[in-house]
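A.B. asks: Below you'll find the structure I mean.
The values are calculated or read from the model by the stated rules, or taken from the named source; none is laboratory data. For clarity, every value in this text was computed on a predicted model and none was experimentally measured. Glycine also receives a Cβ, built like all others from the backbone with ideal geometry; neighbour counts cover every protein chain displayed. Please note that ligands, DNA and RNA were not included when accessible areas were found on the heavy atoms of the full protein model with its side chains. Shrake-Rupley method; radii C 1.70, N 1.55, O 1.52, S 1.80 Å.
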Amino acid sequence: MGSDSFDVIDRQLVHALQLDARAPFSRIAAVLGVSDQTVARRYSRLRTEGLIRVLGLSDPEVLGEERWLVRVQCTPDASSTIAGALARREDTSWVGLNSGGTEISCVIRNLTAQDEHALLLRTLPHTPRVVGVTAYCVMHTFFGGSMSLVTKWEALDPAQVAELQLPPPSVVPEGPVRLSDGDQRMLAALAQDGRAALSELAAATDWSQSTVRRRMAELHDCGALYFDLDFERRIFDLEARALLWLSVAPAELDATGRALAGHPEVAYACATTGPTNLHAAVLAPDMASLYDYLTTRIASLPGIGQVETSPILHQVKGAGPLQPRPRQPRRVSPTAAARR
């Protein structure tokens, strides 16, 4: 099977892992109706080639953190360097090159106003070849985080979903959840590999495996921990990606955001401060499909006064920590192979 060949089992496996990221392969295989070896082989191939990545992530809203959507305008010759520097920061995610390579977008999480000022007000605006910075504070999330785009595409049928789906968080914290040093170490390990073995997590935290299992369950039950899947969009035949910045009448903002969240093209949607007040990240099979989406369902949403569309040219960093690019198998020509 070539690197660009994906079938229904690949898509079902991605959906299954989104529903229960740490499910044993035997359980996933039983739901999919294939062998354990098939699931293990498919997962190994997709993970080794950097096509999927299971992530254990913390929810900033539950932890009382602020999120900022940041747009950095810069000269074309500096965009890759600046995007790479932003991607290497621990407080950034979803770093992308947009709009012909003259704009960088990213999400920044802040624990304190001091952190916010350090990056947004002091560091970025004074970076050489940066010509502008616009920041939008996320006020409300309509779709994203523990809610995944994968679940909208129905690779699995309702019965299969019911067998795999984990129960939602059952505890409502009275205030921001505070993480211990051990929690931080466990979350750091899960952000690298959401399927890390209990023994690995125990070594990272200096806890027993039973303590790791209990604490992971507690953090999930209160919503502080969720699992997500970073996946290559080609698995679902999606080539076009764009960020939408919408201006919506305040009276229509909530209804429009909720309607937008239900669209199968929308991977993320939130209400923000700033020059526009509704933001979305969308995916489509191609630019023609994106055009159809913008001129039909987006155009029919109530209260929209203006839409700015910013194509994503290259995703430098996703939701989790920055990872080195996987090494591709070395191609050997038939002539060279014959000489060996």
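A.B. asks: Pull out all pairs, ordered by first then second residue, where Cβ-Cβ is under 6 Å, the residues are six or more apart or on different chains, the first lies in region 22-33 and is of a type in the set (A, V, I, L, M, F, W, C), and the second is part of a helix (DSSP H, G or I) and open to solvent by less than 20 Å² (accessible area, probe 1.4 Å).
C.D. replies: Here the result reads Phe25/Val39; Ile28/Ala16; Ile28/Val39; Ala29/Val39; Val31/Leu164, each pair linking region 22-33 to a residue that is part of a helix (DSSP H, G or I) and open to solvent by less than 20 Å² (accessible area, probe 1.4 Å).
A.B. asks: So, one more: Given the conditions (1) outside any loop (DSSP other than H, G, I, E, B); (2) within 17 Å of the chain's Cα centre (by Cα), and given that Met147 satisfies all but one, which numbered condition is not satisfied?
C.D. replies: In the conditions (1) outside any loop (DSSP other than H, G, I, E, B); (2) within 17 Å of the chain's Cα centre (by Cα), Met147 misses (1) alone.
A.B. asks: Okay, next question. For region 88-118, give me each residue that is closer than 13 Å to Arg67 by Cβ and modelled with pLDDT under 80.
C.D. replies: Within region 88-118, Asn110, Leu111, Asp115, Glu116 meet the criteria.
To keep it simple, each residue is scored yes or no on (1) open to solvent by less than 10 Å² (accessible area, probe 1.4 Å); (2) part of a strand (DSSP E or B); (3) over 26 Å from Arg71 (Cβ atoms).
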| site | (1), (2), (3) |
| --- | --- |
| Gly194 | yes, no, yes |
| Glu200 | no, no, yes |
| Val212 | yes, no, yes |
| Trp245 | yes, yes, no |
| Arg258 | no, no, no |
| Pro264 | no, no, no |
| Ala269 | yes, yes, no |
| Thr276 | no, no, no |
| Leu294 | no, no, no |
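A.B. asks: What residue, among those in region 278-291 that are touching a residue at least 12 places away in the same chain (Cβ under 8 Å) and part of a helix (DSSP H, G or I), is farthest from Leu149 (Cα to Cα)?
C.D. replies: Met287
A.B. asks: Could you tell me how many of the residues in region 162-183 are open to solvent by 80 Å² or more (accessible area, probe 1.4 Å) and part of a helix (DSSP H, G or I)?
C.D. replies: The qualifying residues number 2.
A.B. asks: Within region 299-340, track down each residue that is more than 25 Å from the chain's Cα centre (by Cα), open to solvent by 60 Å² or more (accessible area, probe 1.4 Å) and at pLDDT 80 or above.
C.D. replies: Across region 299-340, the qualifying residues are Ala299, Ser300, Gly305, Gln306.
A.B. asks: May I pose another question? May I ask you to verify whether Ile82 is closer than 15 Å to Gln160 by Cα, crowded, with 20+ Cβ neighbours inside 10 Å and more than 20 Å from the chain's Cα centre (by Cα)?
C.D. replies: no
Each row is one residue, and each column tells you yes or no for (1) within 14 Å of Asp59 (Cα to Cα); (2) of a type outside the set (A, V, I, L, M).
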site: Ala135; (1), (2): no, no
site: His140; (1), (2): yes, yes
site: Phe143; (1), (2): yes, yes
site: Ser146; (1), (2): yes, yes
site: Lys152; (1), (2): no, yes
site: Pro176; (1), (2): yes, yes
site: Ala188; (1), (2): yes, no
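A.B. asks: Also: Can you tell me which residue within region 1-37, out of those that are farther than 30 Å from Pro169 by Cα and touching a Phe, Trp or Tyr at 6+ places or on another chain (Cβ under 9 Å), is most open to solvent (accessible area, probe 1.4 Å)?
C.D. replies: By that ranking, first place goes to Gln37.
A.B. asks: Restricting to region 38-53, and then to whatever is within 20 Å of Gln160 (Cα to Cα) and among the aliphatic types (A, V, I, L, M), can you tell me which residue is least open to solvent (accessible area, probe 1.4 Å)?
C.D. replies: This residue is Val39.
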